[in-house]
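All remarks here apply to the structure that follows.
Readers should treat all values here as calculations from the given coordinates under stated rules, not as data from a laboratory. Being a predicted model, the structure only gives us computed values, none of them experimental.
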Amino acid sequence: MRLIFTPSFNNFQKINSTQAWSLFVTGCKNDNSFGTNPMIGKYLTVAILGAVFAEIVEIILKAV
């Protein structure tokens, strides 16, 4: 496992959504735990947003 936050890390490099989710889940220790395919990160983002949207709709429907 390579360390992410080293002195040479913050050079304003762009990361994709898969790397961002990997950093979030691993506590900023590994940026490739979900692989290198950028579609995985997009899928995770859409899945979480869908779950949040479904919960909001459920709460609204229960209140009515």
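Per the Kirkwood definition applied to all pairs of different Cα atoms, how many angstroms is the hydrodynamic radius of the stretch 17-63?
Numbers: mean 1/r = 0.0855 Å⁻¹.
So the Kirkwood estimate lands at 11.7 Å.
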**19 Å Cα-Cα reach of residue 42 towards lysines, excluding residues that sit fewer than 8 places from it in its own chain** = 14
